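Trainee: Got a structure here, written out as structure tokens. Questions coming.
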Amino acid sequence: MKRIDKAYINSESTALNGTEVFDLINPSNHEKIGEVVLGDESDAQKAIAAAKEAFKAFSQTKIEERIEILENLKKAVEKRKNELIETMILEYGGTRQFCTASYQNMTGAFEHMIETLHCFEFERKIGKTLVQMTPVGVVGIITPWNSSNGFICSKFATAVAAGCTVVVKPSEMSALQTQLIIECFHDAGLPKGIFNVVNGLGNIVGNEIVNHPDIAKISFTGSTHTGKMIARGAVDSMKRVTLELGGKSPNIILDDADFNRAIPQAVLGAYMNSGQACIAPTRLLVPQSRLEEVNEIVKEAVHQVVVGNPANENTNIGPMVSEKQYERVQSYIELGLEEGADLLTGGMGKPEGLETGNFVKATVFTNVRNDMRIAQEEIFGPVLSIISYQNEEEAIAIANDTPYGLAAYVTSSDEIRALKVASQIDAGRVCINGFKHDPLAPFGGFKQSGIGREFGAFGLEEYLEPKSILV
């Protein structure tokens, strides 16, 4: 069992003033695997002071220096590949399939930001004015428990590219994963003070970061509820914010699609990261005239889905991250039954033989109305809602009838038709005919799915302030 009782400040392991201890529990079997001591406001203040001091020099570095740092970070992470994957499986319960993909996103974050830097213009002539893109300052990075290190790597890579220094408040449930990425970054030989980490609760360390006047920007990934609180707190000091929040993504299967291919793909998509993914397409929109056919294909597809030990290569759904998250998912399954949706497969309780962990049955509701709570609220578990539509126009209307707008999916044998539909969906990213990721394209949400964008040049500009110099 590992005990983590230090912050990482100014390139050193630093004793904490905070004393509260949080137990780290393996979600697959409820065994205690570690504990982390949580920092307090004074610990966050030390980290912010270190980042502020480091910003003076780091903000003046040349692009070539930043590229070298990013290259060193990538090499350092590559050396610990197996440990990063295995620790994520152990602590988070992510499937081996997902954790391997998450690791690839970690290294890719540095690679793609280097690519962005090679063609990014930090000085531009606009009219008769010289516009300089200057680093915004110290960035507070607050990350969730799903793919924790992936978020830390992508946000920190962007900060480095911009010339910003950071203070990270990761999820306390990801402390083993965070400790490993700290060791990777330390081995990369970073300039002192540009990367600082304090484990702690959101209402203590998180609040200090959000409210502290020396933090210039917040980059947060997590729930819409928490994102709103951060936005309220940030406004007093006019902090810049990038908020990547919740989603309830629609997956529109048009009537000309190959259903035998598209529907099983849609099921696996809904269950990505065990359903604990903000981009998971958990609303499956299908033609009313083919609903019974869809139901049969879905049942067969779910029969092939493996719920179980996340360390196994063939597992599709692992445990929920915590007992609290398990109970949340159970409450939504019960709610779906109460609302009158038809349970196609899955349901309440744990799968047979998996009673010791936070495992949820792969669940599908059909004959779901879009005004039901299971269709409107983010469940964050392996629960899929099948909603039927009469025509293309109604499908678009249903897709957009949500407070969220993070991602969406459209499947059709006619790509021109699919593109026309995709252009009418209110979402920050729409994938046509499959699940795709372009790490250079902007990613973020419409409506209550967030503010701002991440990745590539669009993400980099979120960490910069344009300064106009008129000569």
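Trainee: Only one of these is outside any strand (DSSP E or B) and either assigned by TED's automatic domain parsing to the domain that holds I25 or within 27 Å of T61 (Cα to Cα) (or both): F185, F220. Name it. Quick ask: steps written out before the conclusion?
Mentor: Working: F220 fails: outside any strand (DSSP E or B).
Every option except F185 fails the conditions.
Trainee: Still on this model: Identify the single condition in (1) farther than 17 Å from T411 by Cβ; (2) within 30 Å of the chain's Cα centre (by Cα) that E292 does not satisfy, given that it satisfies every other one.
Mentor: Of everything listed in (1) farther than 17 Å from T411 by Cβ; (2) within 30 Å of the chain's Cα centre (by Cα), E292 misses just condition (2).
Trainee: Let me ask something else about it. Pairs only if they're at least six apart or on different chains, beta carbon under 7 angstrom, first in the stretch 217-232 and basic (K, R), second buried (at least 24 other Cβ atoms within 10 Å of the Cβ) and assigned to a helix (DSSP H, G or I); list them, first residue then second.
Mentor: Correct list of pairs: empty, since none qualify.
Trainee: Could you please find all residues in the stretch 429-463 being buried (at least 21 other Cβ atoms within 10 Å of the Cβ) and either free of Cβ contacts under 8 Å to residues at least 40 places away in the same chain or in a strand (DSSP E or B) (or both)?
Mentor: R429, V430, C431, F443, G450, E454
Trainee: Right, something else. Given the conditions (1) within 24 Å of V321 (Cα to Cα); (2) touching a helix residue (DSSP H, G or I) at 6+ places or on another chain (Cβ under 8 Å); (3) acidic (D, E), and given that D187 satisfies all but one, which numbered condition is not satisfied?
Mentor: Checking D187 against (1) within 24 Å of V321 (Cα to Cα); (2) touching a helix residue (DSSP H, G or I) at 6+ places or on another chain (Cβ under 8 Å); (3) acidic (D, E), the one that fails is (1).
Trainee: Only residues in the stretch 387-405 that are β-branched (V, I, T) and at pLDDT 95 or above count as the first member; pair them with residues that are in a helix (DSSP H, G or I) and surrounded by 17 or more Cβ atoms within 10 Å (Cβ to Cβ), Cβ under 7 angstrom, at least 6 apart or cross-chain, and list the lot.
Mentor: What qualifies is I387/A375; I387/I398; I396/V421.
Trainee: For I215, only one of the following conditions fails: (1) more than 29 Å from G275 (Cβ to Cβ); (2) among the hydrophobic types (A, V, I, L, M, F, W, C); (3) assigned to a helix (DSSP H, G or I); (4) more than 19 Å from the chain's Cα centre (by Cα). What is its number?
Mentor: Failed condition: (3).
Trainee: Within the stretch 355-371, does at least one residue satisfy the condition of being over 27 Å from N295 (Cβ atoms) and not polar (S, T, N, Q)? Quick ask: steps written out before the conclusion?
Mentor: In the first step, residues of the stretch 355-371 are kept if they are over 27 Å from N295 (Cβ atoms); the result is 355-358.
Now narrow it down to the ones that are not polar (S, T, N, Q): 355, 357.
For the stretch 355-371, residues over 27 Å from N295 (Cβ atoms) and not polar (S, T, N, Q): present.
Trainee: Hey, can you tell me all the residues within the stretch 329-361 that are of a type in the set (A, V, I, L, M) and without any contact (Cβ under 8 Å) to a residue 24 or more places away in the chain?
Mentor: L337, L343, M348
Trainee: Let me ask something additional. Under 8 Å by Cβ, and 6 or more places apart or on different chains, what pairs join a residue from the stretch 19-45 that is free of Cβ contacts under 8 Å to residues at least 12 places away in the same chain and surrounded by fewer than 17 Cβ atoms within 10 Å (Cβ to Cβ) with one that is part of a strand (DSSP E or B) and aliphatic (A, V, I, L, M)?
Mentor: E31/I25
Trainee: Got at least one residue in the stretch 59-68 being buried (at least 23 other Cβ atoms within 10 Å of the Cβ) and in the same structural domain as F22 (by TED's automatic domain parsing)?
Mentor: Within the stretch 59-68, the first condition is being buried (at least 23 other Cβ atoms within 10 Å of the Cβ), and the residues that meet it are none.
No: the stretch 59-68 contains no residue that is buried (at least 23 other Cβ atoms within 10 Å of the Cβ) and in the same structural domain as F22 (by TED's automatic domain parsing).
Trainee: For I85, state whether it is farther than 30 Å from E208 by Cβ, modelled with pLDDT of 95 or more and of a type in the set (V, I, T). Show your work before the answer.
Mentor: Values: farther than 30 Å from E208 by Cβ: yes; modelled with pLDDT of 95 or more: yes; of a type in the set (V, I, T): yes.
Answer is yes for this residue.
Trainee: Give all pairs with beta carbons closer than 9 Å in which a residue from the stretch 119-143 that is in the same structural domain as T158 (by TED's automatic domain parsing) meets a residue that is β-branched (V, I, T) and at pLDDT below 95; count only pairs at least 6 apart in sequence or on separate chains.
Mentor: Matching pairs, first to second residue: K128/V471; T129/V471; L130/V471.
Trainee: Kindly provide the set of residues from the stretch 162-179 that are in contact with a Lys or Arg (Cβ under 9 Å, 6 or more places away or on another chain) and either without any contact (Cβ under 8 Å) to a residue 12 or more places away in the chain or not in a helix (DSSP H, G or I) (or both), ordered by number.
Mentor: Within the stretch 162-179, the subset in contact with a Lys or Arg (Cβ under 9 Å, 6 or more places away or on another chain) is 162-166, 168, 175-176, 179.
G163, C164, T165, V166, V168 - these are the residues of the stretch 162-179 that are in contact with a Lys or Arg (Cβ under 9 Å, 6 or more places away or on another chain) and either without any contact (Cβ under 8 Å) to a residue 12 or more places away in the chain or not in a helix (DSSP H, G or I) (or both).
Yes/no per residue for (1) among the charged types (D, E, K, R); (2) buried (at least 17 other Cβ atoms within 10 Å of the Cβ); (3) assigned to a helix (DSSP H, G or I):
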residue: L243; (1), (2), (3): no, yes, no
residue: G246; (1), (2), (3): no, yes, no
residue: N251; (1), (2), (3): no, yes, no
residue: N273; (1), (2), (3): no, yes, yes
residue: E300; (1), (2), (3): yes, no, yes
residue: T315; (1), (2), (3): no, yes, no
residue: V321; (1), (2), (3): no, yes, no
residue: E327; (1), (2), (3): yes, no, yes
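Trainee: Among the residues of the stretch 258-267, is there at least one that is buried (at least 21 other Cβ atoms within 10 Å of the Cβ), outside the structural domain of E41 (by TED's automatic domain parsing), over 19 Å from A427 (Cβ atoms) and not hydroxyl-bearing (S, T, Y)?
Mentor: Within the stretch 258-267 (the criterion being buried (at least 21 other Cβ atoms within 10 Å of the Cβ), outside the structural domain of E41 (by TED's automatic domain parsing), over 19 Å from A427 (Cβ atoms) and not hydroxyl-bearing (S, T, Y)), the answer is yes, since at least one residue qualifies.
Trainee: Scan the stretch 271-313 for residues that are more than 26 Å from E392 (Cα to Cα) and of a type in the set (S, T, Y) and jot them down.
Mentor: Hit for the stretch 271-313 is S274, nothing else.
The values are calculated or read from the model by the stated rules, or taken from the named source; none is laboratory data. Worth saying up front: this structure is predicted, and the values here are computed from it rather than measured. All Cβ positions, glycine included, derive from the backbone under ideal geometry; neighbour counts span all protein chains shown.
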